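The values are calculated or read from the model by the stated rules, or taken from the named source; none is laboratory data. Nothing here was measured: the structure is a model prediction, and the numbers come from that model. Please note: Cβ atoms are built from the backbone with ideal geometry, for glycine as well, and neighbour counts cover all protein chains shown. Remember, those area values only see protein heavy atoms, side chains included, never the ligands or the DNA or RNA. Shrake-Rupley method; radii C 1.70, N 1.55, O 1.52, S 1.80 Å.
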Amino acid sequence: VNYYNSVYILGTALFKRLFGVILTDNGVEFKNPNALEHTRPGLIRTHVFFCDPQASWQKPHVENNHTLFRGIAKSGTSFDDWTQQDVDLIFSHINAVKRKQFNGDNLDGKTPFDLMDSADEKNLLSALNLSPIPPDEVILSPKLIKHNRKSVGSNKGLISVIEAGSQLLLQTDWHAVY
């Protein structure tokens with residue numbers, strides 16, 4: 001429940017506008033949906049709905065993002081030495097990838113960042129420390145974290161719950177940002 005309270009970074013009103021409905025799976029990070037749906041005084045801030053078990057097709061954009069994430073953090077990767085900066089960097093790179101589902105008039109597609117153009121959406125990106133990466137600098141392999149450590153140095157620290165952090169972002173899959 002502690003990580004659900006991180007929605008206060010955005011404020012209840014902004015969170016409610018951006019995340020009116022959350023569609024997710026039955027992962028452990030969502031075993032207390034009431035804590036996400038309601039503020040501490042009990043006011044409704046969102047509505048959580050669950051996909052059917054084994055029905056990844058019900059949220060394919062999120063599954064695509066899981067695939068991109070697993071390109072960087074292979075199954076079995078320990079998150080123990082990751083910092084919040086590492087997580088922010090990973091999701092900045094993932095959201096800098098063009099998606100064909102966002103192609104509109106552009107055959108190459110758009111990135112999730114390209115779709116985040118309202119003031120509320122820009123506030124969300126700022127609150128989550130996400131920023132666009134130039135296309136020719138996107139890295140979607142484990143080298144990303146190694147490269148980051150060489151250029152910035154490692155601030156060994158705890159990250160609250162990697163799944164919780166990514167899930168909060170995952171839920172904006174109407175823009176496929178996480």
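What FRET efficiency would be calculated for the residue pair Ser131, Ile9, taking the C-beta separation as r and a Förster radius of 22 Å, to the nearest 0.05?
Working: r = 16 Å, r/R0 = 0.73.
Result of the calculation: an efficiency of 0.85.
Each Lys and Arg Cβ is given +1 and each Asp and Glu Cβ -1; about its Cα centre, the stretch 1-96 then shows a dipole of about 360 debye.
Ranked by the mean number of other Cβ atoms within 10 Å per residue, highest first, peptides 9-16, 116-123, 61-68, 72-79 order as 61-68, 9-16, 116-123, 72-79. Rolling a 1.4 Å probe over the heavy atoms of the protein chains gives the stretch 22-142 an accessible area of 56 Å² per residue.
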